[in-house]
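Trainee: My questions all concern the structure below.
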Amino acid sequence: MRSLQDTTTLHNGVKMPWFGLGVYKVQEGEEALQSVKAAIKAGYRSIDTAALYQNEESVGRAIKESGVPREELFITTKVWNTDQRNDSVLEAFETSLQKLGLDYVDLYLVHWPVKEKYKQTWKILEKIYKEGRARAIGVSNFTIHHLEDLIADAEIKPMVNQVELHPLFAQPELRDYCKKQEIQIEAWAPLGQGRLLDHPVLKEIADAHNKTIAQVILRWDLQNEIVTIPKSVKESRIIENANIFDFELTERDMEKINSLNENKRFGPDPDNFDF
Ligand SMILES: NC(=O)c1ccc[n+]([C@@H]2O[C@H](COP(=O)([O-])OP(=O)(O)OC[C@H]3O[C@@H](n4cnc5c(N)ncnc54)[C@H](OP(=O)(O)O)[C@@H]3O)[C@@H](O)[C@H]2O)c1
């Protein structure tokens with residue numbers, strides 16, 4: 001991995017950038033428009049949104065105004081839980097496409113494993129994939145048992161599993177399982193939603209490399225073959241976060257960071273969420 005535009009190859013052959021911009025809690029309108037444009041200008045080629053984030057229209061506008069050809073970008077969106085419960089997954093997909101102003105997405109994800117619904121949802125995603133309207137399909141917040149259950153009946157294996165993952169919640173078992181299944185792991189909240197940015201061990205490593213803590217964490221992701229999508233609405237941080245291709249963490253740095261794992265989630269537990 002030597003540049004921001006380097007890619008991992010998903011099990012269906014589609015290339016996905018290792019690095020992208022997340023836009024959770026980025027406001028529809030100027031904020032989303034300017035952040036996405038700043039990221040693309042800085043060389044980002046992957047944007048992670050969701051129907052839930054309610055900013056697909058601005059993401060779509062930023063894509064158009066960026067001047068970068070559509071085929072050079074990798075756009076992810078997700079189907080929200082209510083649409084799984086209401087059996088309106090296909091309609092939700094159409095709405096996302098329309099808001100984004102696109103005729104296909106690069107990756108469409110099941111946002112959460114809604115009990116007794118996610119297998120049915122997956123069948124619709126398989127249909128969308130076969131129609132060529134999503135170049136890849138995947139899941140999010142799936143644990144090993146959700147994946148085993150899904151794969152047992154699936155025609156197409158998910159290409160990606162996007163989960164909470166950061167040094168305090170490193171998910172080693174899930175990462176091993178996904179690697180064996182050729183499912184690409186992608187980290188949400190890679191920076192612990194900002195909560196990890198004063199950690200003393202990370203600070204020491206960052207100082208040694210003359211980098212910031214955010215850069216060290218994001219570099220740890222890449223060296224672990226984890227796709228990462230940090231969010232920022234500030235151009236200087238968007239640039240800072242991507243400036244991680246000019247240094248390498250040593251094996252000892254990696255071990256130190258690995259040893260920080262406390263199995264500590266900041267977000268909801270996929271086995272026990274009520275939204
Ligand atoms: N699938 C899911 O269920 C799920 C759940 C959550 C998130 N996600 C996706 O994953 C993406 C990333 O996760 P996240 O947004 O929750 O958290 P995150 O990327 O770990 O952290 C974002 C927070 O860190 C701050 N930040 C970013 N870069 C920084 C830097 N260099 N220095 C200091 N602070 C910095 C941001 O503030 P500023 O914006 O003010 O810079 C923001 O408050 C989301 O945007 C979304 O696309 C998916």
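The values are calculated or read from the model by the stated rules, or taken from the named source; none is laboratory data. Computed from a predicted model, the values in this text were never measured in an experiment. Here Cβ is always computed from backbone atoms with ideal geometry, including for glycine, and neighbour counts include all displayed protein chains. Calculation scope for accessible area: heavy atoms of the full protein, side chains included, ligands and nucleic acids excluded. Shrake-Rupley method; radii C 1.70, N 1.55, O 1.52, S 1.80 Å.
Trainee: With respect to the numbered conditions (1) under 18 Å from the mean Cα position of the chain (by Cα); (2) over 25 Å from residue 153 (Cβ atoms), which one is the sole condition not fulfilled by residue 50?
Mentor: Result: residue 50 passes all but (2).
Trainee: Is it the case, given these coordinates, that residue 109 is closer than 15 Å to residue 186 by Cβ and within 16 Å of the ligand (Cβ to nearest atom)?
Mentor: yes
Trainee: From the set of residues in the stretch 10-44 that are hydroxyl-bearing (Ser, Thr, Tyr) and within 15 Å of the chain's Cα centre (by Cα), which is nearest to residue 96 (Cα to Cα)?
Mentor: Here the answer is 24.
Trainee: Is it true that residue 96 is of a type in the set (Ser, Thr, Tyr) and either in contact (Cβ under 8 Å) with a residue 60 or more places away in the chain or more than 16 Å from the ligand (Cβ to nearest atom) (or both)?
Mentor: In short, no.
Trainee: Select from the stretch 146-201 the residues that are away from the ligand (no atom under 12 Å from the Cβ), open to solvent by 30 Å² or more (accessible area, probe 1.4 Å) and assigned to a strand (DSSP E or B) and list them in ascending order.
Mentor: Once the filter is applied, which keeps residues that are away from the ligand (no atom under 12 Å from the Cβ), open to solvent by 30 Å² or more (accessible area, probe 1.4 Å) and assigned to a strand (DSSP E or B), the stretch 146-201 yields nothing.
Trainee: Please count how many residues of the stretch 106-153 are in contact with a strand residue (DSSP E or B) (Cβ under 7 Å, 6 or more places away or on another chain) and more than 25 Å from residue 8 (Cα to Cα).
Mentor: Of the residues in that region, 2 qualify.
Trainee: Check whether at least one residue in the stretch 104-115 is among the β-branched types (Val, Ile, Thr), open to solvent by 50 Å² or more (accessible area, probe 1.4 Å) and within 25 Å of residue 241 (Cα to Cα), and report yes or no.
Mentor: no
Trainee: Can you say whether residue 255 is away from the ligand (no atom under 12 Å from the Cβ), among the acidic types (Asp, Glu) and closer than 25 Å to residue 25 by Cβ, as far as the supplied structure shows?
Mentor: Taking the combined requirement at face value, the residue does not satisfy it.
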